[in-house]
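These notes concern the structure reproduced below.
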Amino acid sequence: MSQWFPKLKPLGREVWERSVLLTQFLCCIHIIKEHVVEIHQVMGPSMLPTFSAVGDVLLVERLSTKFQRIKQGDVVMALSPENPRLIVCKRVLGLEGENLVVMPTHGSGRVQHIKVPKGHVWLQGDNLSNSTDSRHYGPVPYGLLRGKVFLRVWPPGGWTRF
Amino acid sequence: MFPTLNATGDLLFLERFSVRFQKVNVGDIVVACSPENPRVLICKRVLAVEGDSISVLPEPYAQDAAKNVLIPKGHVWLQGDDPYKSRDSRHYGPVPYALLQGKVQLRIWPPHSWKKF
């Protein structure tokens, strides 16, 4: 047993150093993902025809939401107000203070005039007939926005900038 | 949040696990992003969670003006302990759960008033 210890010691040191390096690498990836840019796959029909229903891969940058540079027409990722574990991808149609005219979601509804309150945005999917968005759950607090979509990288065949 | 917390200068110890695993209960003090200004963090008490129906007094002790509010799915009702001075869910409505940042566990400053919540 004592003859193995001199062989194990450099191996142990190497395992330790590799583990430290791996931890540092994972921390860097986490910081980049949380504060700079993130890769996201979107599923669901609510943003047809802009995004397909079966999983486009998008690059989402986290800086615009942190510095409040979101403009009307941007596509954003946000936490759903109805389910905190769900991330939704919608388009910002109204910023705080704007007056919006919202068409009814089904035939018998009424046209609504809504003023977007302070600190909120109005999110709507591009596929109006199949999207659960601010027409259902109201204006969304700005603090729920996670990032702005700026590039589609999959499917290949021409990256699309937004 | 007077009188539970001082007006300024208290240091609180938050933990983020309860919020992430959705184990926030009625009566907990939480820190959240304000729905009115995303750069501001607010510290309030959770008085109701999704599915609860509460009776809200827009002004304290004005019993006749009580309104019943059903907390929608994915939201909580936040209210400060000082009903006269606090700006909370009575003004801006139920707050989406995803805005909660952490649950207050301890007060660690001033040192003579350490307290576990």
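No value in this document is a laboratory result; all are computed from the given coordinates. Note that this is a predicted model, so its numbers are computed, not measured. Reconstructed Cβ throughout: ideal geometry from the backbone, glycine too, with neighbour counts over all protein chains shown.
Taken about its Cα centre, chain A carries a charge dipole of about 300 debye when Lys and Arg each add +1 at the Cβ and Asp and Glu each add -1 at the Cβ.
Peptide A:76-86 has a mean shielding of 5, counted as Cβ atoms of other protein chains within 10 Å of each residue's Cβ. Here the contact order of chain A, divided by its residue count and restricted to Cα pairs under 8 Å and six or more residues apart, works out to 23 percent. Working note: Debye formula, equal point scatterers on the alpha-carbon atoms of the protein assembly as shown, no solvent; log10 I(q)/I(0) at q = 0.07, 0.15 Å⁻¹ is -0.36, -1.20.
Quick one, can you get me the convex hull of the C-alpha atoms of chain B expressed as volume per residue in Å³? It would help to have the intermediate numbers written out before the result.
On the way: hull volume 11.8 nm³, N = 117.
Residue-normalised Cα hull volume stands at 101 Å³.
Between A:Glu96 and A:Trp4, full extension at 0.36 nm per residue minus the direct alpha carbon distance yields a gain of 26.2 nm. Axis angle, to the nearest 10 degrees, between helix A:5-35 and the longest C-alpha principal axis of chain A: 10 degrees.
Note on chain A: Kirkwood hydrodynamic radius from all Cα pairs is 18.3 Å, rounded to one decimal.
Could you estimate the translational diffusion coefficient of region B:67-117 from the Stokes-Einstein equation, with Rh from the Kirkwood formula over C-alpha pairs, at 25 °C and 0.890 mPa s, in whole µm²/s? Taking Rh from Cα pairs, D becomes 186 µm²/s.
Between A:His30 and A:Val111, the FRET efficiency from the beta-carbon distance, with R0 = 51 Å, is close to 0.65. Loop-located chymotrypsin sites (Phe, Trp or Tyr not before Pro) across region B:1-107 with a Cβ neighbour count of 15 or fewer within 10 Å are B:Phe21, B:Tyr61, B:Tyr84, with loop assigned by DSSP.
Pairs of C-alpha atoms in region B:1-66 farther apart than 20 Å represent 44 percent of all such pairs.
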